[in-house]
Amino acid sequence: MKFRALQERLRRLVLERVAEGELTGLKLADLTGFQQAHISNFLNRKRSLSLDAMDRVLGALRLSVLDLLDAEEVNKRATILPPSEDEFENVLLVEGGIAAGQAVITSDQVRDMLKFKKQFLRRLRPELASPRDGWRRFVLVKVDARDGMSMYPRLLPGATLLIDRHYNALTPYRKSEQNMYAVRSEDGCTVKYVELAGKHLVLRPHNQAYPVGVLAIEEGKGFADYIVGRVCHVAIET
């Protein structure tokens, strides 16, 4: 919700109280220390309030900014995972574009929710080449047909991937095995092996029938900005 919308909701709340006889413009001016004309201009949409003025009006009405928020919008945007009290952690299944670009996942962006053992998730080692402060660490994505076949037999179309978004370094997790990464793409994200070649990322498929991709790193960005995270678990339905 934008600042202007918050002001409009505050204006309506004040006018409702005036209509119900609980308040007058003169009384509100007295409570806030403003001139009556200042309050009148606000209520008649002739001027806006500064942040400080809004705080004073909210304080006078014994309200907080939360009282100005639309409940439906708050519920839509709220994160939906309370702390888990058992041995399992809820991990959110989202679209690739959400996994690639959203630090915080909200309820309207969730396709499904799967449980993973906390012990398993704790054992997974993060490695950050650039900070991801505030990013939800684990998310799930579904592999589309092209990505699934390009990484065959390690993946199949429709496989569900657990992505560790706190692993955006190109360091091998295991010495004998290449990391699979979710990488930002125009469609959201793609899954490939990744190598750094100068100012480009080379995206290699496992299936040699599919072409190698090359992704140019934009000026001012590093390779880690394109790495969504390491694929650390694969579930394939049979």
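The values are calculated or read from the model by the stated rules, or taken from the named source; none is laboratory data. Note that the coordinates shown come from a computational prediction; the quantities given were computed from them, not determined experimentally. Please note: Cβ atoms are built from the backbone with ideal geometry, for glycine as well, and neighbour counts cover all protein chains shown.
Need pairs with beta-carbon distance below 6 Å; first residue assigned by TED's automatic domain parsing to the domain that holds A100 and over 15 Å from I98 (Cα atoms) and within the range 158-172, second part of a loop (DSSP other than H, G, I, E, B) and of a type in the set (G, A, S); sequence gap 6+ or separate chains.
As it stands, the answer is N168/A129; A169/A129, since those pairs meet every condition given.
Within the range 57-67, does at least one residue satisfy the condition of being within 30 Å of R111 (Cα to Cα), modelled with pLDDT under 85 and surrounded by 12 or more Cβ atoms within 10 Å (Cβ to Cβ)?
Yes, some residue in the range 57-67 is within 30 Å of R111 (Cα to Cα), modelled with pLDDT under 85 and surrounded by 12 or more Cβ atoms within 10 Å (Cβ to Cβ).
Output the number of the condition that A53 fails; it satisfies all remaining conditions of (1) modelled with pLDDT of 85 or more; (2) closer than 30 Å to D108 by Cβ; (3) surrounded by 11 or more Cβ atoms within 10 Å (Cβ to Cβ).
(2)
Looking at I105, I163, can you tell me which residue is surrounded by 17 or more Cβ atoms within 10 Å (Cβ to Cβ) and at pLDDT below 95?
I105
Which residue out of E72, E85 is modelled with pLDDT under 60 and either part of a helix (DSSP H, G or I) or out of contact with any helix residue (DSSP H, G or I) (no Cβ under 8 Å at 6 or more places or on another chain) (or both)?
E72
Could you tell me which numbered condition N44 fails, if it satisfies all but one of (1) at pLDDT 90 or above; (2) of a type outside the set (G, A, S); (3) surrounded by 14 or more Cβ atoms within 10 Å (Cβ to Cβ)?
(3)
Could you please let me know if E16 is loosely packed, with under 14 Cβ neighbours inside 10 Å, closer than 30 Å to D108 by Cβ, acidic (D, E) and at pLDDT 85 or above?
Judged against the criteria, E16 is a match.
Against the definition (in the same structural domain as T106 (by TED's automatic domain parsing), under 26 Å from the mean Cα position of the chain (by Cα) and touching a residue at least 24 places away in the same chain (Cβ under 8 Å)), how does D133 come out, yes or no?
No: the conditions fail for D133.
Which of the following residues is exposed (fewer than 15 other Cβ atoms within 10 Å of the Cβ) and more than 14 Å from H233 (Cα to Cα): R123, R136, R132, R146?
So the residue among R123, R136, R132, R146 that is exposed (fewer than 15 other Cβ atoms within 10 Å of the Cβ) and more than 14 Å from H233 (Cα to Cα) is R146.
Take the conditions within 21 Å of F120 (Cβ to Cβ), in contact with a strand residue (DSSP E or B) (Cβ under 8 Å, 6 or more places away or on another chain) and basic (K, R) and apply them to R204. Does it pass?
No.
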